[in-house]
Amino acid sequence: MSDEEKMIADEQMIEEEFQGLLQDYLNSNHRRKVDVITRAYNMAKEAHKGARRRSGEPYIMHPLAVARIVSREMGLGSTSISASLLHDVVEDTDYTVDDIRALFGDKIAQIVDGLTKISQGMFGENVSAQAENFRKLLLTMSDDIRVILIKIADRLHNMRTLSSMSPTKQFKITGETLYIYAPLAHRLGLFAIKTELEELCFRYEHPEVYADLTAKIAESAPERNKIYDNFAVPVIAALDKMGIKYEMRARVKSVYSIWNKMQNKGISFNEVYDLFAVRIIFEVHPGMDEKKQCWDIYSAITDIYKLRPDRIRDWVSHPKANGYQALHLTVMGPDGKWIEIQIRSRRMDDIAEKGFAAHWKYKENRIEEDNELDKWLKTIQEILANPNPNAIDFLDTVKMNLFSSEIFVFTPKGEIKTLPQGATALDFAYTIHTRIGDHCLGAKVNHTLVPLSQQLRSGDQVEILTSQSVNPQPEWLNFVTTAKARTKIEASLRRQRRRIIEKGKNMLEELFDNEPIDNTLFNKILHSYKAENKEDLYYMIGNNEVILPVQKEAFSKLKPVPEKQENLFVRYMKQAMSAIKKTPQEPRKMLLNETESEDENLLLSQEMKQPKIDRKAVYRLTEQNFRKNFIVYSCCNPLPGDDVFGYVTEKEEVEVHKRSCQTGLKLKANYGDRIIAVEWGDYRQYSFLASIIFTGIDRVGILANILSKLAEDVVVNIQSVNVSSKDGIFEGVFNVHVHSAEEVNQLCAKIAKVDGVSTVHRSTI
């Protein structure tokens, strides 16, 4: 294809995408402001003229795709669509925010400005420097929620086009997405987008597992369809008899959700019983109560099928913190299978899929008290008022409340408060008011006195006891789970520390009659009290951890501060590095002094052989590198064959993590410049420790049967065996030395064949 033909094809593709955007917008309920969208498109097209993405397509296709997500999948209007089209203009071209303000007004300019401030090029070199960006994101979000919605749309399109990136960049971006953007989408009620983000991350991080599970879901479709059809026949008859307008369909769990359940519960695909859920979406009768219709449908279904009482979830009366409303129940179907049913009105379904934007749409037509999303935004504003100075700690604090199940507890007067699962009495105190939290002495739960660390359960009634003499203590941070409580405690502790430091400083200065203290003497005092710096010394004095002498002359008797001695290794390294700079052509072994010991020579030569890691190349995990300690065995115990990535430490070692590792997820999100792609080499001699967990019905000789089954064909190196039995059920753990994940799978398959064994899986810890 000639350049001219390619240009014509590009123009046609761009125009078709723009017309698709306009059609999406015209199909919505928003006012028809096509003119402003067209002007924004023309400006963006001109600004990005000639630029291309890594995939090779014209750059303007990216803003158009983001605008379509914002319009079609989030349901936002002309202001958000225009800002989406312009979101990269200020960052990537010569246009300024003032130019946009002059052409489009304050609101669009404000959103574009917010998007520009939090962006450092999502696909640039600083692709994972996200912690500080996240703080900026929240600051801007507190002014206009549309900034974060557009940012999520931007990330979604980047994820959809991730295949054009290198594996290393893919790991960084998927790490950020799972750590930050998917939880944000969840909190903002964007269920469909949150699910797709997780699914895309899983697809890139575990391509083989993703393909395998997708195939298994497709294979099980006929059986699922049969179960659904058998279930649906009497339900359809009952609902039709009620005369309501509805649609009913089966929704399959996402691949990521299925895999997550398999990992968390240590079960196989065949043991995931809730592969699909039945969703009933009804239209509300004019003048009829929406909640009552939900319960009417519930009643009709439970008249037909036996209910599982412990699985009722009433999010109609008490919506989730992201605005989600529905009535969930689980019944025993005609095929002897448990079936989950979700009952929603059309409004509830719209909010569940499109989140915040849909909530706004419905709020215009209803008088509604502050909902949980509004409360969450207020919480974010409170956190931003006293942020943790460390950006990464701040990110963790906010993230705590993004992905959590909720419980409902009551105040003494019967008011309902929503808290994350695992919240304590102290979290509840801070939910009521900061002052109550700061002076919290204890609590009464259901009229019984409990400690501040008491975890609450849904339905608890909580009364907080306070005392003005009580102030936040550092140990309080160990038993709070909400971002608000943690932020307020940290802010209070910082204020307390500043007051104590000021008090200690005044005490020391008064001892010296407010005269300047000589630096040499001050260093002696620091050394004497084993303080790292002035602030630590002042704090120790102010907190009465050290007692000052009565007279300042006592300090004159202090011994001089000894000079800091470098160890032999550090000194030799400095000498060697200095010599290298002066004589790069000389062999490194000639830099060592002939009088040095063999051990020192060996230590230095090993250190200097440590190769500089090319962070753009794929690093090969070999036995030799393991033996030389160039590779660090990490928290999640990866085995050859597992999907892994590498993190380059300060010592230029490679720390290997499973791609699903939670610690690794945080590393990918916050230290993207240190993330590298790795691949396993051939491991024949080097062995790794793995744990196999198995359960079953206890009987005489079952352990001997398992051991003999393991010993078939191969010799198994078992480090330890731990088996316990209770009420006829046993649980065992084998710690074995293996060479790969495949070996573990083979051992699991052997154990599973033993009569009486119910479950067997490799430990994920």
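The values are calculated or read from the model by the stated rules, or taken from the named source; none is laboratory data. No experiment lies behind these values; they were computed from the predicted model shown. Cβ sites come from the backbone with ideal geometry, for glycine too, and all protein chains shown count toward neighbours.
Figures for the structure shown
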{"quantity": "Qualifying positions in the range 95-108 - in a loop (DSSP other than H, G, I, E, B), over 25 Å from Glu17 (Cα atoms) and of a type outside the set (Val, Ile, Thr)", "calculated": "Gly105"}
{"quantity": "Members of the range 217-232 that are acidic (Asp, Glu) and within 15 Å of Ile339 (Cα to Cα)", "calculated": "Glu223, Asp229"}
{"quantity": "Residue in the range 340-356 that is assigned to a loop (DSSP other than H, G, I, E, B) and modelled with pLDDT of 85 or more present", "calculated": "no"}
{"quantity": "Residues satisfying the stated conditions in the range 45-76, i.e. touching an Asp or Glu at 6+ places or on another chain (Cβ under 8 Å) and assigned to a helix (DSSP H, G or I)", "calculated": "Ala47, Met61, His62, Pro63, Leu64, Ala65, Val66, Arg68, Ser71, Arg72"}
{"quantity": "Qualifying positions in the range 308-317 - assigned to a loop (DSSP other than H, G, I, E, B) and either in contact with a Ser or Thr (Cβ under 7 Å, 6 or more places away or on another chain) or touching a residue at least 60 places away in the same chain (Cβ under 8 Å) (or both)", "calculated": "Arg308"}
{"quantity": "Which numbered condition Leu22 fails, given (1) surrounded by 15 or more Cβ atoms within 10 Å (Cβ to Cβ); (2) within 25 Å of Leu188 (Cβ to Cβ)", "calculated": "(2)"}
{"quantity": "Any hit, the range 719-733, residues being at pLDDT 85 or above and surrounded by 19 or more Cβ atoms within 10 Å (Cβ to Cβ)", "calculated": "yes"}
{"quantity": "Check on Thr214, surrounded by fewer than 20 Cβ atoms within 10 Å (Cβ to Cβ) and closer than 21 Å to Ala326 by Cβ", "calculated": "no"}
{"quantity": "Close pairs (6 angstrom Cβ cut-off, 6 or more residues apart or separate chains): touching a residue at least 24 places away in the same chain (Cβ under 8 Å) in the range 52-79, acidic (Asp, Glu) and crowded, with 21+ Cβ neighbours inside 10 Å anywhere", "calculated": "Val66/Asp154"}
{"quantity": "Count - residues of the range 644-668 that are crowded, with 18+ Cβ neighbours inside 10 Å and within 15 Å of Phe202 (Cα to Cα)", "calculated": "9"}
{"quantity": "Selection status of Lys709, touching a helix residue (DSSP H, G or I) at 6+ places or on another chain (Cβ under 6 Å), assigned to a helix (DSSP H, G or I) and over 20 Å from Ile267 (Cα atoms)", "calculated": "yes"}
{"quantity": "Positions within the range 683-705 being without any contact (Cβ under 8 Å) to a residue 40 or more places away in the chain and assigned to a loop (DSSP other than H, G, I, E, B), in sequence order", "calculated": "Val700, Gly701"}
{"quantity": "Residue identified as touching a Ser or Thr at 6+ places or on another chain (Cβ under 9 Å), in a helix (DSSP H, G or I) and charged (D, E, K, R) among Glu198, Glu208, Glu223", "calculated": "Glu198"}
{"quantity": "Cross-chain or 6+ apart pairs with Cβ under 6 Å, the range 284-307 first and over 14 Å from Pro234 (Cα atoms), then assigned to a loop (DSSP other than H, G, I, E, B)", "calculated": "Glu290/Val284; Lys291/Val316; Cys294/Val316"}
{"quantity": "Residue within the range 110-132 that is assigned to a helix (DSSP H, G or I), touching a Lys or Arg at 6+ places or on another chain (Cβ under 6 Å) and modelled with pLDDT of 80 or more present", "calculated": "yes"}
{"quantity": "Hey, Phe231 among the aromatic types (Phe, Trp, Tyr), part of a helix (DSSP H, G or I) and assigned by TED's automatic domain parsing to the domain that holds Ile339 or not", "calculated": "yes"}
{"quantity": "Some residue of the range 241-256 being in a helix (DSSP H, G or I), at pLDDT 90 or above and closer than 30 Å to Ile692 by Cα", "calculated": "yes"}
{"quantity": "Pick from the range 522-550, criterion among the polar types (S, T, N, Q) and touching a residue at least 12 places away in the same chain (Cβ under 8 Å), ranking: nearest to Leu493 (Cα to Cα)", "calculated": "Asn543"}
{"quantity": "Members of the range 734-765 that are within 22 Å of Asn260 (Cα to Cα) and assigned to a strand (DSSP E or B)", "calculated": "Ser758, Thr759, Val760, His761, Arg762"}
{"quantity": "Boolean, Ile280 is crowded, with 18+ Cβ neighbours inside 10 Å, over 30 Å from Ala182 (Cβ atoms), over 29 Å from the mean Cα position of the chain (by Cα) and not assigned by TED's automatic domain parsing to the domain that holds His186", "calculated": "no"}
{"quantity": "Flag if Val70 is closer than 23 Å to Arg160 by Cβ, touching a Lys or Arg at 6+ places or on another chain (Cβ under 9 Å) and of a type in the set (Val, Ile, Thr)", "calculated": "yes"}
{"quantity": "Top-ranked residue in the range 283-309 [being buried (at least 16 other Cβ atoms within 10 Å of the Cβ) and β-branched (Val, Ile, Thr); ranked as farthest from Ile351 (Cα to Cα)]", "calculated": "Ile301"}
{"quantity": "Count of the range 428-443 residues which are closer than 15 Å to Leu456 by Cα and of a type in the set (S, T, N, Q)", "calculated": "1"}
{"quantity": "Filter result for Met288 (in a strand (DSSP E or B), outside the structural domain of Lys417 (by TED's automatic domain parsing) and not β-branched (Val, Ile, Thr))", "calculated": "no"}
{"quantity": "The range 647-682: number of residues that are farther than 17 Å from Lys612 by Cβ, over 18 Å from the mean Cα position of the chain (by Cα) and assigned to a strand (DSSP E or B)", "calculated": "3"}
{"quantity": "Which numbered condition Glu712 fails, given (1) in contact (Cβ under 8 Å) with a residue 60 or more places away in the chain; (2) more than 33 Å from the chain's Cα centre (by Cα)", "calculated": "(1)"}
{"quantity": "Which numbered condition Phe202 misses (of (1) under 30 Å from Gly323 (Cα atoms); (2) surrounded by fewer than 21 Cβ atoms within 10 Å (Cβ to Cβ); (3) modelled with pLDDT of 90 or more; (4) of a type in the set (Phe, Trp, Tyr))", "calculated": "(2)"}
{"quantity": "Ser28 modelled with pLDDT under 85 and either closer than 25 Å to Leu103 by Cα or buried (at least 16 other Cβ atoms within 10 Å of the Cβ) (or both)", "calculated": "yes"}
